[in-house]
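Following: one structure in structure tokens, then a few remarks.
The values are calculated or read from the model by the stated rules, or taken from the named source; none is laboratory data. The shown structure was predicted, so the numbers you read here are calculated from the model rather than taken from an experiment. Cβ placement follows ideal geometry from the backbone for every residue including glycine, while neighbour counts extend to all protein chains displayed.
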Amino acid sequence: MNVLTEAATEKALVKKMNEINYKMVGQDVSVYYGDKRALFDVNLGVRDNTVTALIGPSGCGKSTFLRCLNRMNDTIQSAKVTGRITLDGQDIHDPSIDVVELRARVGMVFQKPNPFPKSIYENVAYGPRIHGLARSKPDMDQIVESSLQKAGLWNEVKDRLNEAGTGLSGGQQQRLCIARAVAVSPEVILMDEPCSALDPIATARVEELIHELRANYSIVIVTHSMQQAARVSQRTAMFHLGHLVEEDDTDKMFTNPNDQRTQDYIMGRFG
Amino acid sequence: MSVGSIVLVLLVLAVIGYFLGRGRSLSAAKRDHVKLHSLPGYYGQTVALFVAVPAFLLLIVWLFIQPVLIESRVNEMLPDSVIPEGGARSLVMADVRQIAGGLDAVLNRTGLTEEALDDGRLDVSNVRARLAEVGVALGSDVPTEVYEAAKTYRRSADTGDLLMAIAVIGTALGLGVWALMRISPKMRARNVSENFVLALLIGSSTIAILTTAGIVASLVFETVNFFKMYPASEFFFSTVWNPQFRGGSELGIWPLLWGTLYISLVALLVAVPIGLMIAIYLADYASQSLRSLAKPAIEILAGIPTIVYGLFALITVGPFLRDWIAQPLGLGNSSSSVLTAGLVMGVMIIPFVSSLSDDIINAVPQAMRDGSYAMGATQSETIKRVILPAALPGIVGAILLAASRAIGETMIVVLGAGAAARLDLNPFEAMTTVTVKIVSQLTGDTEFASPETLVAFALGLTLFVITLGLNVLALYVVRRYREQYE
């Protein structure tokens, strides 16, 4: 009887999994930095047109998991990733997948705004240029304009596209970085604490932007701010000491989490 | 008392002062039952500094001023009649100094006393022979006036030295005692020694700046002399370099400047691409352990004496280029050539480019790389489109530094490119550079009175202006680079 129920639950779960459109799925993802294990068998999916927030105390592995999703850990020599991560059902570690193409489909915005020391225009045009997305100058102009518009920056910079991107304010720089990521039409955008270096007004601006971007992209955001996770995300995943504690609808996580650790963390009892 | 022993006495006094000051501060604190403002060592340091530093400065100043005063006094004793026809007063002064030094040696060697100078045992008639005995050779017999001047010179110098010893050690003792008396627990000894350190640092930087100013001043002074004898328009616009010893030289700078620029250009063509690629490899591709091995290994190149490079150019590279390239192509049969010197010099300055560029490339924040990789750029795309443009100003600075090093190089050119001043495009021809000609114009028995020798200063000044310009440019570029990530 018991066995039967378990099997039924399993079946129901699989059925549910199939109903939901997962953009990316991580199965048993573990990460080692040299001898140190940073992530323990994480199973986590990223849904289509959904903002997924990764929360947890510092060093819990949420950024590490994020960096697995576009294989940014490849750039760290000592890092080793095991487990299976798929994008639209395709293993991203498969030899047939080119990391260049993967990163074009899974864009990333960093904690600290890192515009290149180039003009605003060139910053946005960077990705389209290396991927050969624009055939002509008007094409490129079009891409740059629409990307800046999507990032809500167009009106502020349209008259000074040739000025240095590094000359913008912090919040503008971060939106420039979002525009840069958007310019190659990714399907998923990863954001690693995108607002931690910004003031509250710039933060509100970026959060608004995340709301708008959700219509077209799947977004995964790492954040230390509970309020931010509650405001921008639909799904929340809680990490602790390299383990995924739980993952659920944001509303449920913030009102009635299953795990005591989640509750403690959200209430501010640790971390 | 010799300068060395005065310095030794100062050091001993300073050490004594240190312990006295330290002890006094401790006992004062004990007596008054108060806490010292500073650590006891600072009180000792204060006393030691007061003992040593002012006295030492006085010593230095004295050493500079005393000879000037004595010489002007002795100079008055020399009538014009003792100056030989066509000779200079400074030559006679040199004789005076030599005789004065010789007299000291004679007295030391023979055990004669000071009186011997006055009672005729040692006088103008036999002084030449006596000096010869102790190894001081004089060119001719000594005129009475010169001998008398030498004696005065000796006495003044002796008196001066004695006064100096008294003044210096007196200053040390006086200031030391004064500093000791001032010690009380409330005295801010830490601040005093802090200020002393500051003054010391400022003093050191002043010396560096004053030296530069002095070098420029002497160059400018002699260059002005040169242009009084030789027209500046000839110097700057003539294309012939043909110095003659009997006058009528043609001293156009262009053949030399051309050689300098040509050889430096070849050197940079070698060093910049190789150095840059080394830098990129070390900064972005090489593993940490390889980098920590390879970088010092490459920097060894900069530590090899240039004369060794010159030998390499002379016996290996030069003949190789001649036998395998120049002669088969019919481009010349000189083993000294622009290409030889340029190639070897290029190897020498590789580390300047690679090491500095490596540091600069490394200084480009990791965030730039991450940003580029996250856009799907490959490593070489990232380097080409983000890292190099970001590091470019710094790299230009490194290249300019290497260029000024190449322009100033002498030994490699002498051995590798020869000494023939020539305006030619053929890189297999022997040519020469400004620095080489400066050396050759000043080598041998020369006096600084003819345009042939003074031209060296004009050449030096031109070179100085060029390298200074390059350095200023490099500094400016590097400073702009610094602003970029702030």
Could you go through the stretch A:109-128 and let me know if any residue there is buried (at least 24 other Cβ atoms within 10 Å of the Cβ), in contact with a strand residue (DSSP E or B) (Cβ under 6 Å, 6 or more places away or on another chain), within 14 Å of chain B (Cβ to nearest Cβ) and at pLDDT 90 or above. yes
Leading residue by the ranking (nearest to A:R105 (Cα to Cα)) among those in the stretch A:189-205 that are in contact with a helix residue (DSSP H, G or I) (Cβ under 7 Å, 6 or more places away or on another chain) and part of a strand (DSSP E or B): A:I189
Checking the conditions here, which among A:S218, A:S233 is buried (at least 23 other Cβ atoms within 10 Å of the Cβ), in contact with a Lys or Arg (Cβ under 6 Å, 6 or more places away or on another chain) and closer than 16 Å to A:D192 by Cβ? A:S218
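Picking from B:L321, B:L290, B:L276, which residue would you name as being under 31 Å from the mean Cα position of the chain (by Cα) and in a helix (DSSP H, G or I)?
Numbers: B:L321 fails: under 31 Å from the mean Cα position of the chain (by Cα); B:L290 fails: under 31 Å from the mean Cα position of the chain (by Cα).
From the options B:L321, B:L290, B:L276, the qualifying one is B:L276.
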Which residues, counting only those in the stretch B:316-375, are aromatic (F, W, Y) and touching a helix residue (DSSP H, G or I) at 6+ places or on another chain (Cβ under 7 Å)? B:F352, B:Y373
Please work out which one of (1) under 20 Å from the mean Cα position of the chain (by Cα); (2) modelled with pLDDT under 85; (3) not small (G, A, S) is the condition B:E409 fails and give its number. (2)
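Residues to consider are B:V197, B:V240, B:V266, B:V272; find the one that is more than 15 Å from B:T462 (Cα to Cα), in contact with an Asp or Glu (Cβ under 8 Å, 6 or more places away or on another chain) and not assigned by TED's automatic domain parsing to the domain that holds B:V34.
That would be B:V240, the only listed residue that is more than 15 Å from B:T462 (Cα to Cα), in contact with an Asp or Glu (Cβ under 8 Å, 6 or more places away or on another chain) and not assigned by TED's automatic domain parsing to the domain that holds B:V34.
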Enumerate the pairs (first residue in the stretch A:236-265 and in contact (Cβ under 8 Å) with a residue 60 or more places away in the chain and farther than 13 Å from A:A53 by Cβ; second residue anywhere and among the polar types (S, T, N, Q) and part of a helix (DSSP H, G or I)) with beta-carbon separation below 7 Å, excluding pairs fewer than 6 apart on the same chain, so at least 6 apart or on different chains. A:V245/A:T262
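Of the residues that make up the stretch A:137-144, is at least one within 13 Å of another protein chain (Cβ to nearest Cβ), hydrophobic (A, V, I, L, M, F, W, C) and in contact (Cβ under 8 Å) with a residue 12 or more places away in the chain?
First, pick out the residues of the stretch A:137-144 that are within 13 Å of another protein chain (Cβ to nearest Cβ): none.
No, there is no match, as no residue in the stretch A:137-144 is within 13 Å of another protein chain (Cβ to nearest Cβ), hydrophobic (A, V, I, L, M, F, W, C) and in contact (Cβ under 8 Å) with a residue 12 or more places away in the chain.
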Answer yes or no as to whether B:I438 is away from chain A (no Cβ under 14 Å) and either in contact with a His (Cβ under 8 Å, 6 or more places away or on another chain) or of a type outside the set (K, R) (or both). yes
Among (1) closer than 14 Å to A:V182 by Cβ; (2) without any contact (Cβ under 8 Å) to a residue 40 or more places away in the chain; (3) touching a helix residue (DSSP H, G or I) at 6+ places or on another chain (Cβ under 7 Å); (4) not hydroxyl-bearing (S, T, Y), A:V106 falls short only on (2)
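Run down A:V25, A:V31, A:V51 and say which single residue is crowded, with 23+ Cβ neighbours inside 10 Å, over 17 Å from A:D192 (Cα atoms) and among the hydrophobic types (A, V, I, L, M, F, W, C). Outline the logic, then answer.
Working: A:V25 fails: crowded, with 23+ Cβ neighbours inside 10 Å; A:V51 fails: over 17 Å from A:D192 (Cα atoms).
When all the criteria are applied, what remains is A:V31.
Among the residues of the stretch A:150-162, are any of a type in the set (G, A, S), away from chain B (no Cβ under 14 Å), outside any helix (DSSP H, G or I) and buried (at least 24 other Cβ atoms within 10 Å of the Cβ)? First the steps, then the outcome.
To start, the set of residues in the stretch A:150-162 that are of a type in the set (G, A, S) comprises A:151-152.
From the residues that got through so far, the ones that are away from chain B (no Cβ under 14 Å) too are A:151-152.
Filter once more, keeping what is outside any helix (DSSP H, G or I): A:151-152.
Within this subset, residues satisfying the condition of being buried (at least 24 other Cβ atoms within 10 Å of the Cβ) are A:151.
Checked against the condition, which is being of a type in the set (G, A, S), away from chain B (no Cβ under 14 Å), outside any helix (DSSP H, G or I) and buried (at least 24 other Cβ atoms within 10 Å of the Cβ), the stretch A:150-162 yields at least one hit.
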Where B:T382 falls short, out of the listed (1) modelled with pLDDT of 90 or more; (2) out of contact with any helix residue (DSSP H, G or I) (no Cβ under 6 Å at 6 or more places or on another chain): (2)
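Going through B:G394, B:G418 one at a time, which residue ends up being within 14 Å of another protein chain (Cβ to nearest Cβ) and of a type in the set (G, A, S)?
Numbers: B:G418 fails: within 14 Å of another protein chain (Cβ to nearest Cβ).
That would be B:G394, the only listed residue that is within 14 Å of another protein chain (Cβ to nearest Cβ) and of a type in the set (G, A, S).
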So, in the stretch B:366-387, exactly how many residues are more than 7 Å from chain A (Cβ to nearest Cβ) and in a loop (DSSP other than H, G, I, E, B)? 0
